[in-house]
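Working notes for the structure below.
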Amino acid sequence: MMSPLMLIGRVCRLGGRLGPSCVVGSFARLFTNSRNMAKSKFEYVRKFETDDTCLRNCYIVVRLDGRNFHKFAEQHNFTKPNDNRALGLMSRSAHSVMEELEDIVIAYGQSDEFSFVFKRTSTWFKRRASKLMTHVASQFSSSYVFYWKEYFGEQPLLYPPGFDGRVVLYPSNRNLRDYLSWRQADCHINNLYNTVFWMLVLKGGLTTIQAEDRLKRTLAADKNEILFTEFDINYNNESALHRKGTALIWEKQDETVIKRMKLPNEEEKEVPVTRSRRKVQAYHCDIIGDQFWEEHTDILEDDNC
């Protein structure tokens, strides 16, 4: 069988002259024929693919949730009510996603979930929802497995964790802030309940069913009262990581490195060089109020754009 280069040489010799135009033309004809040959009668199936391009000028939020994580936590002996190893691993996995997809302007996580916010003007994967969601989910899941030993040491990972995802669009800064506020409020509600529940079980001597009955129809004030009067715990003094969750954002940080440089008419010497780099920074603070957003004005884009 004649190779492509042999074919081109033969075509050019037949033309009487070997020149650039001959080579270019031959290549063009060769690859045009190759493309035509690649087509088949089965290609019609591509028409079944649906367009899932995300609407322009909207923040794209990809939220991941652990699949059946109650069972996963029990089988891996997570500490109750909060396991700092597991929370640290979740944040590390989210950190990996942000480093891979730099158009994520903020990520917020608590318990077994994390939300990733792509900037309005992002064109990653042509804004296709399925591509964005699957890439985030696969990067997060693989990072969770990869960094497991870093947080859990010799405790084995019994089976791979699963995470499901969804994509939601938010057209305005207020909509996006309300979404993140909703997730942080959910963090507070769940953590307060879990803190009281496990105190009643682990230190109060109740069974899980008795603890559930005790907390039925109780308000936040009632739960705080139980913690304070029965266990001498002021909920406001509990870890901010547990009460507020984790917000990851990009920040510029100066770092100094030593480089060996040779200046004119001088011997080579070591010179400190300072440069600014973007790094992912974690915050465990209130993101419902205005202060966080006033201190980090580069997260949100102008609504008027």
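Do the alpha carbons of any pairs in Lys71/Lys203; Lys39/Lys131; Lys80/Lys279 sit beyond 28 Å of each other, and which pairs?
Listed pairs above 28 Å: Lys80/Lys279.
Please find, in a Gaussian network model of the chain (springs between Cα atoms separated by less than 10 Å), the residue of Arg128, Arg46, Arg183 whose mean-square fluctuation is greatest.
Comparing Arg128, Arg46, Arg183 in a Gaussian network model of the chain, the most mobile one is Arg46.
Just to verify a number: FRET efficiency for Glu150 and Asp290, C-beta to C-beta distance, R0 = 45 Å, to 0.05?
So, using R0 = 45 Å, E works out to roughly 0.80.
Using Cα springs under 10 Å in a Gaussian network model of the chain, which residue among Ser143, Ser276, Ser93 shows the largest mean-square fluctuation?
Among Ser143, Ser276, Ser93, the largest mean-square fluctuation in the Gaussian network model of the chain belongs to Ser276.
Relative contact order (percent) for the chain, with alpha-carbon contacts under 8 angstrom and 6 or more residues of separation?
Computed over the chain, the figure is 19 percent.
Leaving ligands, DNA and RNA out of it, rank Trp182, Trp293, Trp124 by accessible area with a 1.4 Å probe, largest first.
The ranking, largest first, comes out as Trp182, Trp124, Trp293.
Points 7 angstrom from Cα along the Cβ direction at Lys279 and Arg56: gap in nanometres?
With each label placed 7 Å out from Cα toward Cβ, I get 3.8 nm.
Pop out the carbon and sulfur fraction of the accessible area of region 191-305 as a percent, whole number, probe 1.4 Å.
After summing per-atom areas, the C and S share lands at 47 percent.
Please give, to one decimal in nm, the separation of the simple spin-label points placed at Asp213 and Glu43, each 7 Å out from Cα toward the Cβ.
If labels sit at Asp213 and Glu43, their model points lie 7.0 nm apart.
First select every other residue whose beta carbon is under 12 angstrom from the beta carbon of Val105; then total the charges, Lys and Arg +1, Asp and Glu -1.
Taking every Cβ under 12 Å from that of Val105, the sum is -2.
Would you work out the charge dipole size for the chain about its Cα centre, treating the Cβ of every Lys and Arg as +1 and the Cβ of every Asp and Glu as -1, and quote it to the nearest 20 debye?
Computed about the Cα centre, the dipole is about 2260 debye.
What nm value, rounded to one decimal, do you get for the distance between Asn194 and Lys131 when each label is placed 7 Å out toward the C-beta?
Going by the 7 Å Cα→Cβ label model, 3.5 nm.
Among Val271, Val257, Val45, which one shows the biggest mean-square fluctuation in a GNM of the chain, springs joining Cα atoms closer than 10 Å?
Result for the chain, Cα springs under 10 Å: Val45 fluctuates most.
Rolling a 1.4 angstrom probe over the protein heavy atoms, how many square angstrom per residue are accessible across the chain?
Normalised by residue count, the accessible surface of the chain is 63 Å².
The values are calculated or read from the model by the stated rules, or taken from the named source; none is laboratory data. Predicted model, so just to flag it, every value in this text is computed and none were measured. Cβ coordinates were reconstructed from backbone atoms using ideal geometry, including for glycine residues, and neighbour counts include every protein chain displayed. Accessible surface areas use protein heavy atoms only, side chains included; no ligands, DNA or RNA. Shrake-Rupley method; radii C 1.70, N 1.55, O 1.52, S 1.80 Å.
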